[in-house]
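Asker: Let me give you the structure first, and then I'll get to my questions.
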Amino acid sequence: MEIQLGKYFGTDGVRGEANVGLKPEMAFKLGRFGGYVLSQHEAKQPKVYVARDTRISGQMLSTSLISGLLSVGIEVFDLGVIATPGLAYMVKKDTVSAGVMITASHNPALDNGIKFFGGDGFKLDDAKELEIEALIDAAEDTLPRPSAEGLGKLHEYKEAKQKYISFLESAADGNFSNFKIVIDTANGATSTTARSVYSDLGADLEVIGDTPDGLNINHNIGSTHPELLAEKVVEKGAAAGFAYDGDGDRIIAVDEQGQIVDGDKIMFIIGKQLQAQGKLAKNAVVTTVMSNIGFHKALEDNGMKSIITAVGDRYVVEEMRKSGYSYGGEQSGHMIFMELSPTGDGQLSSIQLLKVMRDTGKKLSELAAELTIYPQKLVNVRLAELSYKDNWEDFKAITDIIAEKESLLGESGRILVRPSGTEPLLRVMAEAPTQELVDDVVDGIVEVVKREIGEK
């Protein structure tokens, strides 16, 4: 799947190390030029919502971004710290022109990013992103610079957080008074909402990772580090645990035994329940090439089909919108409920998962046991030349060993070889019924790749 990205905008906005790769000067330009592009597509003065996660650089970048927006006459509403899906929800609900989220998601505190949402709550369309990039690269900034009349105004929008909380609570269709749960907010954006949501829903609640200091976001905690959550779930005798990432758009769960329940298992559990309720459009779940073969087999065994996209929740959403699917997600924990929200939402996903437990009366371990995850192995091979990322399939020895190993696996496993989007790496991944077989397949391919095009 060939993916074409912009010069500055990647699959998830503009990213970089704060104040180094992503400087306040760039944030100002993105606000100024992004605001101008929006103004060229609307008859009225655009209104833009701005939000951020808890990382310390968010204040620096949001101040610069907002200044850029104001400089071209945009009316700005600052939502403060709120989860990315909270911003997307509010943009769509209030039908404003756009939203801008300052976050680096699950990355450490030194990174940050800026991503735009259109007025429909979905990622800003590629054409507008390209218009913004063209203005950034222009030899001279010739846009108007009003001194008084024509400047934008800034407003605080503190009520947005409560409106988002109310939306999440309404999605529960009842309460969770019979459940003891642990939630991990990654010292990130969900620390401003998750405790309120589950407390209001009556759960017996334990919260970890809810003391953000600007530097500890995602640090040994959250969806990428669920080990502490697993310990707490067992220690507290909880029914489940839910870990979010720094901006709250993904989830990893833990069952009552302390076992990790990843995105594939969550998608299967919820997808099966939606199917039983007649709410799964076309009986299909949209996912990426990274989903485990066990996930696909479990869907098939239960009368569902999987629709496969490139890696990234952006591509899952695009396929869902294009083809009318209602549910999809990623192994990493993004879940999209198209009829409820325009983007992945960790808190909404945990509510939907807990609803399945409540409505079926089953423990999370029982629900997860209906899917068998195949052993998987991934090895990154550093390439001797950057150009090999694009022409690695021209090396017959590599394609021959892949074909040989595919013949060995048959329909009992799969092989995925793809270049990294950002580094001079070739990623070799395989899944098979046994660890011994998956090791044989991956190690055999890696040996040939290293010999032919690997870094010497």
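The values are calculated or read from the model by the stated rules, or taken from the named source; none is laboratory data. Note that this is a predicted model, so its numbers are computed, not measured. With ideal geometry, Cβ positions are generated from the backbone for all residues, glycine too; neighbour counts draw on all protein chains shown.
Residue by residue, here is whether (1) in contact with an Asp or Glu (Cβ under 7 Å, 6 or more places away or on another chain); (2) of a type in the set (A, V, I, L, M, F, W, C); (3) surrounded by 22 or more Cβ atoms within 10 Å (Cβ to Cβ) holds:
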| position | (1), (2), (3) |
| --- | --- |
| E231 | no, no, no |
| K236 | yes, no, no |
| D245 | no, no, yes |
| I251 | no, yes, yes |
| E256 | no, no, no |
| V261 | yes, yes, yes |
| I266 | no, yes, yes |
| I270 | no, yes, yes |
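Asker: Filter the stretch 77-117 for residues that are assigned to a strand (DSSP E or B) and in contact with a His (Cβ under 9 Å, 6 or more places away or on another chain); which is surrounded by the most Cβ atoms within 10 Å (Cβ to Cβ)?
Answerer: Ranking the candidates gives F77 first.
Asker: May I pose another question? With the condition kept exactly as written, say whether any residue in the stretch 396-416 is free of Cβ contacts under 8 Å to residues at least 60 places away in the same chain, surrounded by fewer than 21 Cβ atoms within 10 Å (Cβ to Cβ), in contact with a Ser or Thr (Cβ under 7 Å, 6 or more places away or on another chain) and not assigned by TED's automatic domain parsing to the domain that holds K279.
Answerer: No, the stretch 396-416 contains no residue that is free of Cβ contacts under 8 Å to residues at least 60 places away in the same chain, surrounded by fewer than 21 Cβ atoms within 10 Å (Cβ to Cβ), in contact with a Ser or Thr (Cβ under 7 Å, 6 or more places away or on another chain) and not assigned by TED's automatic domain parsing to the domain that holds K279.
Asker: Now, a different point. From the list V417, V446, V428, V442, exactly one residue is closer than 24 Å to F295 by Cβ, in contact with a strand residue (DSSP E or B) (Cβ under 6 Å, 6 or more places away or on another chain) and in a helix (DSSP H, G or I). Which is it?
Answerer: V442
Asker: Let me ask something additional. I'm checking my understanding of the structure. Among residues of the stretch 272-290 that are polar (S, T, N, Q) and surrounded by fewer than 22 Cβ atoms within 10 Å (Cβ to Cβ), which one is nearest to G346 (Cα to Cα)?
Answerer: Of everything passing the filter in the stretch 272-290, Q273 is nearest to G346 (Cα to Cα).
Asker: Turning to a different aspect of this structure: Can you give me the number of residues within the stretch 118-145 that are among the charged types (D, E, K, R) and in a loop (DSSP other than H, G, I, E, B)? Working first, answer last.
Answerer: In the first step, residues of the stretch 118-145 are kept if they are among the charged types (D, E, K, R); the result is 120, 123, 125-126, 128-129, 131, 133, 137, 140-141, 145.
From what is left, the residues that are in a loop (DSSP other than H, G, I, E, B) are 120, 125, 137, 140-141, 145.
Residues flagged as among the charged types (D, E, K, R) and in a loop (DSSP other than H, G, I, E, B) within the stretch 118-145 amount to 6.
Asker: Which one of these does S350 not meet: (1) outside any helix (DSSP H, G or I); (2) among the polar types (S, T, N, Q); (3) in the same structural domain as F242 (by TED's automatic domain parsing)?
Answerer: Answer for S350: the failing condition is (1).
Asker: Given the residues S350, S420, which is the only one that is within 22 Å of the chain's Cα centre (by Cα), surrounded by 13 or more Cβ atoms within 10 Å (Cβ to Cβ), without any contact (Cβ under 8 Å) to a residue 60 or more places away in the chain and under 30 Å from T190 (Cβ atoms)?
Answerer: On the way: S350 fails: without any contact (Cβ under 8 Å) to a residue 60 or more places away in the chain.
Unique residue meeting the criteria: S420.
Asker: Determine, yes or no, whether G68 is in a loop (DSSP other than H, G, I, E, B), over 23 Å from the mean Cα position of the chain (by Cα) and crowded, with 17+ Cβ neighbours inside 10 Å.
Answerer: Here the answer is no, as G68 does not meet what is asked.
Asker: Which of the following residues is under 30 Å from I66 (Cα atoms) and in a helix (DSSP H, G or I): T211, T190?
Answerer: T190
Asker: Sort through R52, R32 and tell me the only one that's buried (at least 19 other Cβ atoms within 10 Å of the Cβ) and in contact with a strand residue (DSSP E or B) (Cβ under 6 Å, 6 or more places away or on another chain). Give the derivation first.
Answerer: Details: R32 fails: in contact with a strand residue (DSSP E or B) (Cβ under 6 Å, 6 or more places away or on another chain).
So the residue among R52, R32 that is buried (at least 19 other Cβ atoms within 10 Å of the Cβ) and in contact with a strand residue (DSSP E or B) (Cβ under 6 Å, 6 or more places away or on another chain) is R52.
For (1) over 18 Å from D247 (Cα atoms); (2) modelled with pLDDT of 95 or more, each residue gets a yes or a no:
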{"residue": "V14", "(1), (2)": "no, no"}
{"residue": "M26", "(1), (2)": "yes, yes"}
{"residue": "K29", "(1), (2)": "yes, yes"}
{"residue": "G35", "(1), (2)": "yes, yes"}
{"residue": "G58", "(1), (2)": "no, yes"}
{"residue": "I66", "(1), (2)": "yes, yes"}
{"residue": "V76", "(1), (2)": "yes, yes"}
{"residue": "V81", "(1), (2)": "no, yes"}
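Asker: Can you tell me which of E339, E319, E300 is acidic (D, E), not assigned by TED's automatic domain parsing to the domain that holds D94 and not in a helix (DSSP H, G or I)? Spell out how you get there, then give the answer.
Answerer: Working: E319 fails: not in a helix (DSSP H, G or I); E300 fails: not in a helix (DSSP H, G or I).
That would be E339, the only listed residue that is acidic (D, E), not assigned by TED's automatic domain parsing to the domain that holds D94 and not in a helix (DSSP H, G or I).
Asker: Further, regarding this structure: Got a sec? Which of A43, A18 is over 23 Å from A138 (Cα atoms) and crowded, with 21+ Cβ neighbours inside 10 Å?
Answerer: A18
Asker: Further question: More than 27 Å from D184 (Cα to Cα), modelled with pLDDT of 95 or more and either surrounded by fewer than 21 Cβ atoms within 10 Å (Cβ to Cβ) or in the same structural domain as A172 (by TED's automatic domain parsing) (or both), is that true of V379?
Answerer: So V379 passes the test.
Asker: Which pairs have Cβ atoms under 7 Å, sit 6 or more apart or on different chains, and link a residue in the stretch 76-97 that is in contact (Cβ under 8 Å) with a residue 24 or more places away in the chain and over 11 Å from S341 (Cα atoms) to one that is surrounded by 24 or more Cβ atoms within 10 Å (Cβ to Cβ) and basic (K, R)?
Answerer: Qualifying pairs under 7 Å: V81/R52.
Asker: I've got another one for you. Taking E235, is it under 16 Å from the mean Cα position of the chain (by Cα) and not aliphatic (A, V, I, L, M)?
Answerer: So E235 fails the test.
Asker: Can you tell me which residue within the stretch 302-322, out of those that are at pLDDT below 95 and acidic (D, E), is surrounded by the most Cβ atoms within 10 Å (Cβ to Cβ)?
Answerer: D313
Asker: Within the stretch 220-232, how many residues are closer than 13 Å to V261 by Cα and outside any loop (DSSP other than H, G, I, E, B)?
Answerer: 3
Asker: Taking the condition of being touching a residue at least 24 places away in the same chain (Cβ under 8 Å), under 18 Å from E370 (Cα atoms) and over 21 Å from the mean Cα position of the chain (by Cα), how many residues in the stretch 275-292 meet it? Before you say what the answer is, go through the steps one by one.
Answerer: Of all residues in the stretch 275-292, those touching a residue at least 24 places away in the same chain (Cβ under 8 Å) come to 275, 279-282, 284-292.
Restricting the remaining residues to those that are under 18 Å from E370 (Cα atoms) gives 275, 284-285, 291-292.
So of that shortlist, the ones also over 21 Å from the mean Cα position of the chain (by Cα) come out as 275.
Looking only at that region, the number is 1.
Here's the yes/no breakdown for (1) over 30 Å from G410 (Cβ atoms); (2) not small (G, A, S):
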site	(1), (2)
S223	yes, no
A230	yes, no
E235	yes, yes
A239	yes, no
I252	yes, yes
I260	no, yes
F268	no, yes
A281	yes, no
V286	no, yes
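Asker: Could you figure out which of (1) at pLDDT below 95; (2) outside any loop (DSSP other than H, G, I, E, B) isn't true of I183?
Answerer: Of the numbered conditions (1) at pLDDT below 95; (2) outside any loop (DSSP other than H, G, I, E, B), the odd one out for I183 is (1).
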